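J.: The structure follows.
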Amino acid sequence: MTGTFVINRVINSGINSAQHYVVLGGTFDPVHQGHLITAQALAEIMGYEQVYLMPCGDAYHKVGTSSAQHRLAMLRLALAEQPILKLDARETQRQGATYTVETLAALRHELGDYAHIVWVVGTDAAVGLDQWHHWRQVFALANVLVVARAGAADASLAHWPAQKLNDKTDFKARPCGAYLQLTLPQLELSSSQVRASIKQHEVVDNHVPQPVIEYIERHGLYRG
C-alpha cells in the first residue's frame, strides 16, 4: 500500500473519513506544561477532537531516560483532567528499540485505509526526519504536521516524498502522504531543563502539573 494509492482511493470514492488519529510523540521525561499547551493549541487550531500523547519505549537514542513505568504514570496524572488529550502507550509495550514507521504501520492496520493519521513533529525533528528508520515509509502510512515556534522560519522540506499543503481542510481529508507546517505558541521549556531544576532543588510549580510534581517527589526522580 502506498500513500498515493490510498489518497486516490479516497478522492475517487468521495469518502472523507471522520476518523482522525493525531499523535504527539516524545520521551515525556517528565511531561510538562509545554507539552500540554502545544497539544491543546494544535487541537484547537486544527479542529481535532483529540490528540494522543505517545511516550517512546526503549529510547535507544537517549541515555539515562526514566523507566517507561514512571513516564507513563506521570502522563496519566497530567492527562487525568484533559478531555482532549489522550494517552497511547503502545510504544512502551514493545520490547527493544521502537521505530515510528512500525507504530504507524500498526495504527494503519487498526484504523483502516481511510483514517486520517497524523504524526506531529517539531521543526528540528522534521529537518532530521530523513535519518529515521525507513523514513520514506512514514508518508505511505500517515501525514506529518510540522510545528514551528512563532517567529521561526519554515524548514525546507522539498525533498520529502509527500505533498505540501497549506489548507487545513484539505490536509484533514488526506489519510496519508501530505505534510503541513503550522506555527503554534510554545513555551521555551524542555524536559531537560525541568530535570536540571529539580536536581538543583528549584521550584518547578509553574512548569509541571502539580500531580506530576508530587509523583516526582514521592519517587525521588531526577535528584541524581
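The values are calculated or read from the model by the stated rules, or taken from the named source; none is laboratory data. These numbers come from a predicted model, not from an experiment. For neighbour counting, all protein chains shown are included, and Cβ atoms are generated from backbone atoms with ideal geometry for every residue, glycine included.
J.: Read through the list (1) hydrophobic (A, V, I, L, M, F, W, C); (2) part of a helix (DSSP H, G or I); (3) over 18 Å from Gly34 (Cα atoms), then give the number of the only condition that Leu77 fails.
T.: Going through (1) hydrophobic (A, V, I, L, M, F, W, C); (2) part of a helix (DSSP H, G or I); (3) over 18 Å from Gly34 (Cα atoms) one by one, Leu77 breaks only (3).
J.: If you don't mind, there's one more thing I want to ask. Find the helices (runs of 4 or more DSSP H) located wholly in the stretch 110-224 whose residues include 3 or more that are of a type outside the set (A, V, I, L, M, F, W, C), and list them.
T.: Filter on the stretch 110-224 gives 168-172, 191-199, 210-219.
J.: When the stretch 80-102 is examined, which residues are found to be within 29 Å of Arg223 (Cβ to Cβ) and assigned to a helix (DSSP H, G or I)?
T.: Matches in the stretch 80-102: Glu91, Thr92, Gln93.
J.: Still on this model: When Arg90 is evaluated against the numbered criteria (1) buried (at least 20 other Cβ atoms within 10 Å of the Cβ); (2) over 27 Å from Asp170 (Cα atoms), which criterion, by number, is the only one it fails?
T.: (1)
J.: Determine whether Arg90 is in contact with a Phe, Trp or Tyr (Cβ under 6 Å, 6 or more places away or on another chain), more than 25 Å from Gln181 (Cα to Cα) and of a type in the set (Lys, Arg).
T.: Judged against the criteria, Arg90 is not a match.
The rows are residues; the columns are (1) surrounded by fewer than 19 Cβ atoms within 10 Å (Cβ to Cβ); (2) in contact with a Leu (Cβ under 9 Å, 6 or more places away or on another chain); (3) at pLDDT 95 or above; (4) closer than 18 Å to Leu24 by Cβ.
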position	(1), (2), (3), (4)
Gly128	yes, no, yes, yes
Trp132	yes, no, yes, yes
Ala142	no, yes, yes, yes
Lys164	yes, yes, yes, no
Asp167	yes, yes, yes, no
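J.: If a residue must be of a type outside the set (Phe, Trp, Tyr) and surrounded by 11 or more Cβ atoms within 10 Å (Cβ to Cβ), how many such residues does the stretch 203-224 contain?
T.: 13
J.: What single numbered condition from (1) modelled with pLDDT under 95; (2) closer than 21 Å to Val31 by Cβ fails to hold for Thr183?
T.: (2)
J.: Mind listing whichever residues of the stretch 65-86 are of a type outside the set (A, V, I, L, M, F, W, C) and more than 11 Å from Leu53 (Cβ to Cβ)?
T.: Once the filter is applied, which keeps residues that are of a type outside the set (A, V, I, L, M, F, W, C) and more than 11 Å from Leu53 (Cβ to Cβ), the stretch 65-86 yields Thr65, Ser66, Ser67, Gln69, His70, Glu81, Pro83.
J.: Quick check on the stretch 194-216. Is at least one of its residues under 29 Å from Ala73 (Cβ atoms) and of a type in the set (Gly, Ala, Ser)?
T.: Looking for residues that are under 29 Å from Ala73 (Cβ atoms) and of a type in the set (Gly, Ala, Ser), one finds at least one in the stretch 194-216, hence yes.
J.: Can you tell me which residue within the stretch 47-80, out of those that are surrounded by 15 or more Cβ atoms within 10 Å (Cβ to Cβ) and at pLDDT below 95, is nearest to His20 (Cα to Cα)?
T.: Going through the qualifying residues, I end up with Cys56.
J.: Also: Determine, yes or no, whether Ala97 is in contact with a Phe, Trp or Tyr (Cβ under 6 Å, 6 or more places away or on another chain), modelled with pLDDT under 95 and of a type outside the set (D, E, K, R).
T.: yes
J.: Oh, and also: Just to be sure before I move on: is Arg174 touching a residue at least 40 places away in the same chain (Cβ under 8 Å), crowded, with 17+ Cβ neighbours inside 10 Å and within 22 Å of Leu107 (Cα to Cα) in the structure I sent?
T.: yes
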